[in-house]
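A quick write-up on the structure given underneath.
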Amino acid sequence: LLVALGVLTAATLVRSLPGFGGWLWIGTVLLAAAIAVGNVLVPSIVKRDFPTNVPGMTGAYSATLGGFAAVASGVAVPLSRSGGWELALGIWATLSLLATLFWSRRLPQSRTEPEAVTPDGTQTDERSMWTSAVAWQVTIFFGMQATTYYLFVTWLPSIEAGHGVSAIGAGWHLFFFQIVSVFASLYAGSVMRRTRSQRLVGVAVSALMIVAALGLVLAPDLLLVWDAIAGLSTGSALVVALTLIALRAPTARHASRLSGMAQSIGYLMAATGPVGAGIIYDRAISWTPVLIGVAIVATGQGILALLAGRDVLTHRPAVGSICQRVAGDRP
C-alpha cells in the first residue's frame, strides 16, 4: 500500500506537467494502477486491523472517499480558472503525499502474515477463490451495484436534461445525489454493525434503486426525490459490497484475494453500464428503457444480496484443523 501511495503521488504530479501532452496519459495510467491496488488492499487492512468493526470502518472510509471526490469535482473548474488545469490536477498530490508520509510511519511494524489463520487460530484451506460460490456471489453483487452507480454518475444530468432541467441545475442535482450517497455510507455502516447477516440491508438498498429508477420513469416531476433515493441506494450498496468482501473472507489474506477478484470483475461489469446505456438511448431516443434496465439490474442485485449476505465464509476451516482442535480440547 505504501508503494501504491508513492506511485499515486508521483503520477498525480506527472499528469499535471505542462508541455508534452503524453504526460497526461502516462500519469493517468500510473495513477489508475495505484488506485486499483489501494482499492483492493483496503478491505483486507480493515479485516486485519478492525475485525470487530468492519461495517463501521468500511462506512467511514467509503464516506471519506465519496466526500473528497465530490469536493474535488466541485473545485476543479475554479482551480483551473485561477491557476490552469495543471494546478487543478496536480494540487491533489499534496493529499496523497501526506498519506504516504503518514503510512510510512507504520513501515517498521509491517509484517508478512505467515499463514491463512483465523483469529481463533483455525487454519483455513487454500483452494482458489475462483472456485468459491460465495466469492462469485460477492463479486457479482459488487459488479451490479457499481454498474448502477456509474450509470447514474454518467447519465443522470442527461436524463434530467431530457425532462427540461438546465445544465447548471442538472449539475447541482448530480452533486446532491453524490452528497446523499456520502451520508448514506456512514449510516449504512452503523446499521450493519448491529446485524450479523447482511441480507436485509442488501435487499433494502437494492429495492431503493428499483424505486428510484421507476420513479424517474413514472413521476419525473419529483426528480430530487428520486435523486435522493438513488443516492441512498448507491452509497449504502457500496458499503454493503465492501463489507461483504471483508466479512465473507476468514482472514485478511483471503480478504485481499477476494477483493482483487470482486473489484476486477466488478469494475469490468460496471464499465459496460454507461456505454450500454448510451447505446440503448441512441437506438430508442428515450431514457425509459435505460431506467427499466437499471431496475432489472437492481432486482438481480437484491437476489445476489440474499445469497452473499448469508453468514458463511468463502473458505471453511480445513478438516485437519478441525480434527486437531477437537482432539486438543479433550483430555
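The values are calculated or read from the model by the stated rules, or taken from the named source; none is laboratory data. Since we're looking at a predicted model, the values are computed, not measured. Every residue, glycine as well, gets a Cβ built from its backbone with ideal geometry; the counts of neighbours run over all protein chains shown. Note: areas computed on protein heavy atoms with side chains; ligands, DNA, RNA excluded. Shrake-Rupley method; radii C 1.70, N 1.55, O 1.52, S 1.80 Å.
Please give the length that would be gained between PHE20 and LEU98 if that part of the chain were fully extended, namely 0.36 nm times their separation in residues minus their C-alpha to C-alpha distance (nm, one decimal).
Working: separation 78, 0.36 × 78 = 28.08 nm, distance 2.76 nm.
In short, 25.3 nm is gained.
With a 1.4 Å probe and all protein chains kept in place, how much accessible area does ARG127 have, in Å² rounded to the nearest 10?
Result for ARG127: roughly 100 Å² accessible.
What distance in nm separates the two pseudo spin-label positions at VAL71 and LEU218, each 7 Å out from Cα along the beta-carbon direction?
It is 4.0 nm.
Take the alpha-carbon centre of segment 6-85, take the same for segment 171-216, and report the distance between them in whole Å.
Each part reduced to its Cα centre gives a spacing of 23 Å.
In debye, nearest 20, what is the charge dipole magnitude of the chain about its Cα centre with +1 on Lys and Arg Cβ and -1 on Asp and Glu Cβ, if you could check? Present the calculation step by step, with values, prior to reporting the outcome.
On the way: 20 positive and 13 negative charges, 163 e Å.
Rounded to the nearest 20 debye, it is 780 debye.
Quantify, in whole percent, the carbon and sulfur part of the accessible surface of the chain (1.4 Å probe; protein heavy atoms only). Could you put the intermediate results ahead of the total?
On the way: 11730 of 16670 Å².
Within the chain, the accessible surface is 70 percent carbon and sulfur.
Once Rh for segment 219-286 is found with the Kirkwood sum over Cα pairs, what is the Stokes-Einstein diffusion coefficient at 37 °C and 0.692 mPa s, in µm²/s?
Working: Rh = 14.6 Å.
So the translational diffusion coefficient is about 225 µm²/s.
How large is the helix-only mean residue ellipticity at 222 nm for the chain, computed as the sum of -39500 (n - 2.57) over DSSP H runs with n ≥ 4, divided by its residue count, in deg cm²/dmol to the nearest 500?
Computed mean residue ellipticity for the chain: -27000 deg cm²/dmol.
Which net charge results for the neighbourhood of VAL138, defined as the other residues with beta-carbon distances under 12 angstrom from its beta-carbon, given Lys and Arg at +1 and Asp and Glu at -1? Each step should come with its number before you reach the end.
Values: positive: ARG248, ARG257, ARG310; negative: none.
Here the charged neighbours net out to +3.
Could you go through segment 208-223 in sequence order and give the Karplus-derived ³J(HN,Hα) for each residue, using 6.51 cos²θ - 1.76 cosθ + 1.60 with θ = phi - 60°, rounded to whole Hz, and x for Gly and Pro?
4, 5, 4, 4, 5, 5, 5, x, 5, 7, 8, 9, x, 5, 9, 4
Taking 0.36 nm per intervening residue step and subtracting the Cα-Cα distance, what contour gain separates ASN53 from SER82 on full extension?
Numbers: separation 29, 0.36 × 29 = 10.44 nm, distance 4.28 nm.
So the extension gain works out to 6.2 nm.
Provide, in order from the shortest bin, the percent of all Cα-Cα pairs of the chain in each 10 Å bin, continuing until the bin that contains the maximum pair distance.
6, 23, 31, 25, 11, 3, 1, 0
At 1.4 Å probe size, with every protein chain present, just tell me what the per residue accessible area of the chain comes to in Å².
On the way: 16670 Å² over 331 residues.
Accessible area per residue: 50 Å².
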